[in-house]
Amino acid sequence: MSTNAELKDMPGYLDPMSEQAEQQSAGFDESANVGSVPRITVHGFCLTDATMRVAETAMEDRRMAKAHLKLDMGGIPAAIDVFAQAPTPNLIIVESNGQREELIPSLDQLAEYCDAGTKVIVIGNVNDVSLYRDLIARGVSEYLISPVNVYQLIGAIAEQYSDPESEPLGRTIAFFGVKGGCGSSTVAHNSAWSLGRNFQSEVVITDLDLPFGTAGLDYNQDPLQGVFEAISQPDRLDETYLDRILSKCNEQLSLLAAPATLERTYDHSEKSFEMLLETMRTSVPNVVLDVPHTWNAWVKNTLLNVDEIVLVAEPDLANLRNAKNTVDMLKQLRPNDRPPHLVMNKVNVPKRPEIKPDEFAAALGLTVQASIPFEPQLFGTAANNGQMIGEMDGKHAVARLFDDMSQVISGKVQPAKVARSPLSGLFSKLKRKNG
């Protein structure tokens, strides 16, 4: 078993209680409600290096993947020079450090060259309500006070192309096991069940392990259609068709099951599941994805585009290595998103050398959201009955862990800075007894 000193020597180790860790985690909550930007053209004209850096960071963000963003320095004068001789894009972003007397005339001059339908976002340093109202009256789409951050900028762009009459997009949560057999599916299924019950909100659990998925067994369902039918007929995929192939587990929870057969191979492309996820997001408040332990283009693309990621791991060295690789990859793919949640599963297997959950998390720069004990009788009985832990015994400590997990992934409450398992006292007693 690795010692704490050995963990600290691992590359990329970050003490979760350090000032650096606090700085890294600060601001991630701001990204929770930032929508994606559609396929548009955007041309930005910055004045300061700080705004240019923010815009460049936004350009690399996953929510801007469909948009084409071009950046130049020079502010409003540079925009006027460019568009006096060229058509305007869908959206122009201009930065100004001038006062009202200078800003209004320069925007009026820019407006002379704007094509119909072009939107304009202004970034300025004058904090004045009357100026804001005047700019909106002149047709400016949004006025942001500098300095802006990445979330404000992307959010302002996305808001210009969102339908105010449409329902808010649903929340997508992906559960991903860092090693095969670590119990990620069980954690996902129980968390989804608790999410629906505790918040009385509609939840769809989607089993993406097409050949070997266990959601149908765990929920005691045997649907004839599911994920494979949804992705095989994208031209038919809409809310009505989705509703027809969902299997109802209870009042709040529905299942989109995997076929779990080997009659065919499942060689899907990178974008195969994108339309399904978008359709579910527009139809259901909460979408829980049970992502299989594999690494290919569509799994990577799925993890890139979801709102929340929950990593499930067992407390051993192979899991730690895989978790470190996964966390490092997610930091590259999702630099402006909240870090993944970490769930330690099958903790305290008798006579098995284990890495302490807190030490495991420290090596990743994360905190443990839940430590689920090794309870083969409890989980085995639930699986054989096609029940969730909360259905068998809602007062059991493990059921409360899943209740806590559902609160974290719901986005309705803020997770504690250091999440501690209510079973920690029990664990210490068991250790003393076994010792």
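Take Leu289 and tell me if it is under 20 Å from Arg63 (Cβ atoms), modelled with pLDDT under 95 and not polar (S, T, N, Q). Lay out the reasoning, then the answer.
Details: under 20 Å from Arg63 (Cβ atoms): yes; modelled with pLDDT under 95: no; not polar (S, T, N, Q): yes.
It is false that Leu289 is under 20 Å from Arg63 (Cβ atoms), modelled with pLDDT under 95 and not polar (S, T, N, Q).
Where residues in region 282-300 are under 26 Å from Glu202 (Cβ atoms) and surrounded by fewer than 20 Cβ atoms within 10 Å (Cβ to Cβ), which of them is farthest from the chain's Cα centre (by Cα)? Break it down into steps so the answer makes sense when it comes.
Kept after step one, since they are under 26 Å from Glu202 (Cβ atoms), are these residues of region 282-300: 282-292, 298-299.
Subset that is surrounded by fewer than 20 Cβ atoms within 10 Å (Cβ to Cβ): 282-283, 285, 299.
Details: Thr282: 16, Ser283: 18, Pro285: 14, Val299: 14 Å.
So, considering only residues that are under 26 Å from Glu202 (Cβ atoms) and surrounded by fewer than 20 Cβ atoms within 10 Å (Cβ to Cβ), the one farthest from the chain's Cα centre (by Cα) is Ser283.
For region 405-417, which residues satisfy the criterion of being at pLDDT 90 or above and surrounded by fewer than 20 Cβ atoms within 10 Å (Cβ to Cβ)?
Hit for region 405-417 is Gln407, nothing else.
In the list Ala230, Ala258, which residue meets the criterion of being small (Gly, Ala, Ser), in contact with a Ser or Thr (Cβ under 9 Å, 6 or more places away or on another chain) and either within 24 Å of Gly180 (Cβ to Cβ) or in a strand (DSSP E or B) (or both)?
Numbers: Ala230 fails: either within 24 Å of Gly180 (Cβ to Cβ) or in a strand (DSSP E or B) (or both).
None of the other options fit; the residue is Ala258.
Take region 172-185 and flag every residue that is surrounded by fewer than 23 Cβ atoms within 10 Å (Cβ to Cβ) and closer than 15 Å to Gly411 by Cβ.
Residue satisfying the conditions is Thr172 alone.
Report whether or not Thr302 is touching a residue at least 24 places away in the same chain (Cβ under 8 Å), closer than 26 Å to Gly170 by Cβ, out of contact with any Lys or Arg (no Cβ under 7 Å at 6 or more places or on another chain) and hydroxyl-bearing (Ser, Thr, Tyr).
Working: touching a residue at least 24 places away in the same chain (Cβ under 8 Å): yes; closer than 26 Å to Gly170 by Cβ: yes; out of contact with any Lys or Arg (no Cβ under 7 Å at 6 or more places or on another chain): yes; hydroxyl-bearing (Ser, Thr, Tyr): yes.
Spelling it out, Thr302 is indeed touching a residue at least 24 places away in the same chain (Cβ under 8 Å), closer than 26 Å to Gly170 by Cβ, out of contact with any Lys or Arg (no Cβ under 7 Å at 6 or more places or on another chain) and hydroxyl-bearing (Ser, Thr, Tyr).
Give Gln221, Gln233 a once-over and let me know the one that is surrounded by fewer than 19 Cβ atoms within 10 Å (Cβ to Cβ) and within 21 Å of Gly390 (Cβ to Cβ).
Values: Gln233 fails: within 21 Å of Gly390 (Cβ to Cβ).
Being surrounded by fewer than 19 Cβ atoms within 10 Å (Cβ to Cβ) and within 21 Å of Gly390 (Cβ to Cβ) holds for just one of Gln221, Gln233, which is Gln221.
Can you pull out every residue in region 111-146 that is over 20 Å from Ile40 (Cα atoms) and in contact (Cβ under 8 Å) with a residue 24 or more places away in the chain?
Once the filter is applied, which keeps residues that are over 20 Å from Ile40 (Cα atoms) and in contact (Cβ under 8 Å) with a residue 24 or more places away in the chain, region 111-146 yields Gly124, Asn125, Val126, Asp128, Leu131, Asp134, Leu135, Arg138, Ser146.
Say whether the condition of being outside the structural domain of Ile121 (by TED's automatic domain parsing), within 20 Å of the chain's Cα centre (by Cα), at pLDDT 95 or above and closer than 29 Å to Met405 by Cα is met by at least one residue in region 209-226.
yes
When only residues in region 160-201 that are of a type in the set (Phe, Trp, Tyr) and out of contact with any Cys (no Cβ under 9 Å at 6 or more places or on another chain) count, which is modelled with the lowest pLDDT? Walk me through how you get there before you give the answer.
In the first step, residues of region 160-201 are kept if they are of a type in the set (Phe, Trp, Tyr); the result is 161, 175-176, 193, 199.
Next cut, out of contact with any Cys (no Cβ under 9 Å at 6 or more places or on another chain) only: 161, 175-176, 199.
On the way: Tyr161: 83, Phe175: 98, Phe176: 98, Phe199: 89.
Here the residue is Tyr161.
The values are calculated or read from the model by the stated rules, or taken from the named source; none is laboratory data. Keep in mind that this is a model prediction, so the values were computed, not measured. As a convention, Cβ positions derive from the backbone with ideal geometry for all residues, glycine included, and neighbour counts pool all protein chains shown.
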